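Enquirer: Okay, handing you the structure first.
Derivation of every value follows stated rules applied to the coordinates shown; laboratory data play no part. Nothing here was measured: the structure is a model prediction, and the numbers come from that model. Using ideal geometry, Cβ is built from the backbone for each residue, glycine included, and neighbour counts are taken over all protein chains shown.
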Amino acid sequence: MNRITTLLTTTLLVPLCLSTAFAKKNKEAGPEPTHADVPYDTYERTKLDFWQAEGDGPRPVMVFIHGGGWIQGDKSKRDSMAGWLEKGVSVAAINYRFTPQDPLPAPVHDAARAIQFLRSKAKEWNIDKNRFVVTGGSAGGCSSLWLALHEDMADPDSEDPVKRESTRVQGAAVAGAQTSIDPKQAEPWIGPNVYHDMLFCSVGEASIEDALKNYDKHEASYREFSPITHMTKDDPPVFLSYKSDLTVPAKSIGHGIHHGMFGVKLQEKSAAVGHNQVHLSIGGEYATKDYSNADQFTESILLGK
């Protein structure tokens, strides 16, 4: 099992956006960060860890965005970074605000700000601004795809030097990621078991019933923060892995919110717009022939292998 696949947690059932429990920490902690708990914005949770790799010239960066439905989780819930450091890839892991307290756009715009902050540290931390891959499981994967597919948010005229930096990345490698958080788009693809807390907490509602009742109020946010909305021909390549069960309707909430149909639909959109760089690892007809796993995909972008 490759590193990206292991990022996908099992069912993330969280009662009414209030739970703070999360998956157990990975067994191998790995090396201590070169820089720990660095604030990249002014909020309590907007902090990141950075592991600086050695090597000739500025180093590429892999940015890990943790999962948890934008409701819970922590940057410590990750695989060891040692393997990437040995390859000469620097690594960042970020925390971000949670939607029960700070609905969209908070967690996704936090991730974008983290990318800009890292680029602002390019000289100090020996970072190659033109070699970034984002990765994560579940909601972290959703944020990663959004960054890969969304137009650049850089503001060259900003008084804040961080905001002048680009939010664009060169690729995304994700597991169990949602390509749409719009319940009226995702439910026909997957069935009612797609109605995970993520879909209603993200817009500040206490239940899916409330979110659907107030859908007109939230439709713009649902569309904006669904990665599939932003897919265009000039977007970078992405790699999505899912468990192989494509049964529809989904069998459970955990199955539904991480369903492979999210990836299938993004691949269809990619073909429709002439992008044709969505690589799926689901099994059967949806097994990419270009890469054996997500690590190989990531190395091809960051190290040219």
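Enquirer: Using packing as a proxy for protection, rank 200-207, 138-145 so that the peptide with the highest average count of other Cβ atoms within 10 Å comes first.
Expert: On the way: 200-207: 21.6, 138-145: 30.9.
Going by the mean number of other Cβ atoms within 10 Å, highest first, we get 138-145, 200-207.
Enquirer: Taking the Cβ of ASP182 as the centre, find all other residues whose Cβ is under 14 Å away and add up their charges (Lys, Arg: +1; Asp, Glu: -1).
Expert: On the way: positive: LYS184, LYS217, ARG223, LYS265, LYS269; negative: GLU187, GLU205, ASP216, GLU219, GLU224.
Charge balance near ASP182 sits at 0.
Enquirer: Here is a follow-up. For segment 58-170, what value does the Rg/Rh ratio take when both radii are computed over Cα atoms and Rh is the Kirkwood radius, given to two decimals? Could you put the intermediate results ahead of the total?
Expert: Working: Rg = 13.7 Å, Rh = 14.3 Å.
Taking Rg over the Kirkwood Rh, I get 0.96.
Enquirer: Among HIS230, HIS275, GLY137, whose Cα lies farthest out toward the positive end of the dipole of the chain, if unit charges sit on the beta carbon of Lys, Arg (+1) and Asp, Glu (-1)?
Expert: The one lying farthest along the dipole's positive direction is GLY137.
Enquirer: Ok, one more. With angles folded into 0 to 90 degrees, how steeply does helix 215-224 sit against the dominant principal axis of the chain? Use alpha carbons for both and round to 10.
Expert: Rounded to the nearest ten degrees, it is 30.
Enquirer: Residue by residue through segment 155-161, which ³J(HN,Hα) values in whole Hz follow from phi under the Karplus form 6.51 cos²θ - 1.76 cosθ + 1.60 (θ = phi - 60°), with glycine and proline marked x?
Expert: Result, ordered by residue: 10, x, 9, 5, 6, 8, x Hz.
Enquirer: Another question, if that's okay. Quick one: 3J(HN,Hα) in Hz for segment 258-265, Karplus 6.51/-1.76/1.60 with θ = phi - 60°, rounded, Gly and Pro as x.
Expert: 10, 6, x, 4, 4, x, 4, 5
Enquirer: Between the helical axis of 106-120 and the dominant principal axis of the chain, each derived from Cα atoms, what acute angle in degrees is found, rounded to the nearest 10?
Expert: The two axes meet at around 10 degrees.
Enquirer: In terms of Cα to Cα distance under 19 Å, which lysines are near enough to LYS121, apart from those fewer than 8 places away along the same chain?
Expert: LYS121 reaches LYS47, LYS129, LYS163.
Enquirer: Hey, another quick one. Once the principal axes of the Cα atoms of the chain are found, what is the range along each, listed largest first in whole angstroms?
Expert: 53, 43, 41
Enquirer: Another question, then. Determine the dipole magnitude for segment 175-226: charges of +1 sit on the beta-carbon of Lys and Arg, -1 on that of Asp and Glu, nothing else is charged, the reference point is the Cα centre, and the result goes in debye to the nearest 20.
Expert: Working: 4 positive and 9 negative charges, 20 e Å.
The dipole magnitude comes to about 100 debye.
Enquirer: Mind putting a number on the dipole of segment 46-95 about its Cα centre? Charges go on the C-beta only, +1 for Lys and Arg and -1 for Asp and Glu, and I need it in Debye to the nearest 20. It would help to have the intermediate numbers written out before the result.
Expert: Details: 6 positive and 6 negative charges, 40 e Å.
Roughly 200 debye, rounded to the nearest 20.
Enquirer: Net charge around LYS213, counting only other residues with Cβ within less than 14 Å of its Cβ (Lys, Arg = +1; Asp, Glu = -1)? Spell out each step's value before the answer.
Expert: Working: positive: LYS184, LYS217; negative: GLU205, GLU209, ASP210, ASP216, GLU219.
In short, -3.
Enquirer: Which cross-chain or sequence-distant (5 or more) residues have an amide H under 5 Å from the amide H of ARG164, H modelled 1.01 Å from N in plane?
Expert: Placed amide hydrogens put ASP155 under 5 Å from ARG164.
Enquirer: Charges only on Cβ, +1 for Lys and Arg, -1 for Asp and Glu: so what's the dipole of segment 246-302 about the Cα centre, in debye to the nearest 20?
Expert: Values: 4 positive and 5 negative charges, 53 e Å.
Dipole of segment 246-302, to the nearest 20 debye: 260 debye.
Enquirer: Using the Cβ atoms and a cut-off under 14 Å, what net charge is assigned to the surroundings of SER252, where Lys and Arg are +1 and Asp and Glu are -1?
Expert: On the way: positive: LYS243, LYS251; negative: ASP197, ASP245.
With Lys, Arg at +1 and Asp, Glu at -1, the neighbours total 0.
Enquirer: In addition: How large is ³J(HN,Hα) for each residue in segment 138-153, as worked out from phi by the Karplus curve 6.51 cos²θ - 1.76 cosθ + 1.60 (θ = phi - 60°), to whole Hz, x for Gly and Pro?
Expert: Per-residue couplings from phi come out as 6, 4, x, x, 4, 4, 4, 5, 4, 5, 5, 9, 7, 5, 4, 9 Hz.
Enquirer: List every residue whose amide H lies under 5 Å from the amide H of PHE239, counting only residues 5 or more places away in sequence or on a different chain, with H placed 1.01 Å from N in the peptide plane.
Expert: Those lying under 5 Å, H to H, from PHE239 are ALA172, ALA173, VAL174, HIS279.
Enquirer: Related question: With 10 angstrom as the radius, rank ASP79, ASP216 by how many other C-beta atoms surround their C-beta, starting from the fewest. Please list the in-between numbers first.
Expert: On the way: ASP79 19, ASP216 7.
By the 10 Å Cβ count, ascending, the order reads ASP216, ASP79.
Enquirer: So for segment 165-305, Kirkwood radius off the Cα pairs, Stokes-Einstein at 4 °C and 1.567 mPa s: how many µm² s⁻¹?
Expert: 82 µm²/s
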